[in-house]
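First up is the structure itself, then whatever we jot down about it.
Any read-out appearing in this document is the output of simple, stated calculations on the displayed coordinates, not a laboratory observation. What you see is a predicted model; the values in this text were computed from it and never measured. No Cβ is skipped: glycine too gets one built from the backbone with ideal geometry, and neighbour counts run over all protein chains shown.
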Amino acid sequence: LVISRRLVERMGGEIAIDSRPDVGTRVTLTLRRAQGVLLVAPGDAPARHALPHGAGGQIVYVEDNPINALLMQEVVEQRPDCTLHLAVGVRDGIDMIARLRPDLVLVDLHLPDGSGLEVAEWMRTMPLLTRVPVVVVSADSTQAQRDAATVAGVRAYLAKPIRLAETLRLIDELLPPAR
C-alpha cells in the first residue's frame, strides 16, 4: 500500500481506504484527468530520469517495467549522493552505459529486446567498463539464471521483490566512495 500510495501521489492523485471487519474494504483511487496523452518509444528521453545528486555514484538501471523503475528510484533516493538513470531495454541500456560510463549497472533479466545478460556480456568486452559492477535485479532467480549471470560477469543478483536494506547495502558495497 505504501508503494501504491507513492505512485498515485506522484501522478497527482489520492488513494483512500475504508476497511470494516465483516463488511469489506473499499479502495478509492482519484487521479487527475490527463490533458493530452504522449506516447513515447522505448528509446526516447522521457523514459529516462535522473535523480538529484551530489558527488556520488552514477547508477544505470535497465528496466522496462515502470513500477519496478519507480520502486528503484525510491530506493536510490535514500542515497542522495547517487544519480539513477533509467533505460528501458538492452539497446537503450547499452547506449546509455556507453555514454555515461556509470559506477554501477542494475539490469533486469527479461527485457523487451533481449536479455539483461547481453548488457553484462557487452560490458565485459569494453575496456573502460570491465570494472563496473553489474547486478541483475529479477524475479527469475532460479539457480540456472544465477549461474548464467555469473558466467556473464554479473557481480550480484537481487531477487524481486527487492528488499530495501539488502539493496542499499549492495549499492553501498559496490559504489566507490563519494568523490
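7 Å from Cα along Cα→Cβ at both Leu29 and Thr142: what's the point-to-point distance in nm?
Distance between the two pseudo-spin positions: 3.1 nm.
What FRET efficiency would be calculated for the residue pair Arg99, Asp172, taking the C-beta separation as r and a Förster radius of 30 Å, to the nearest 0.05?
Calculated value: 0.75.
Can you work out ³J(HN,Hα) from phi for every residue in the range 19-30, in order, using Karplus 6.51 cos²θ - 1.76 cosθ + 1.60 and θ = phi - 60°, giving whole Hz and x for Gly and Pro?
Each residue of the range 19-30 in turn: 10, 10, x, 6, 10, x, 10, 10, 10, 10, 10, 10 Hz.
Using 0.36 nm times the number of residues separating Arg5 and Trp122, minus their current alpha carbon distance, what extension gain do you get?
Contour length minus Cα-Cα distance gives 38.4 nm.
Could you give the length gained by full extension between Arg131 and Asp18, i.e. 0.36 nm per residue of separation minus their alpha carbon distance, to one decimal place?
Gain on extension, Arg131 to Asp18, equals 35.6 nm.
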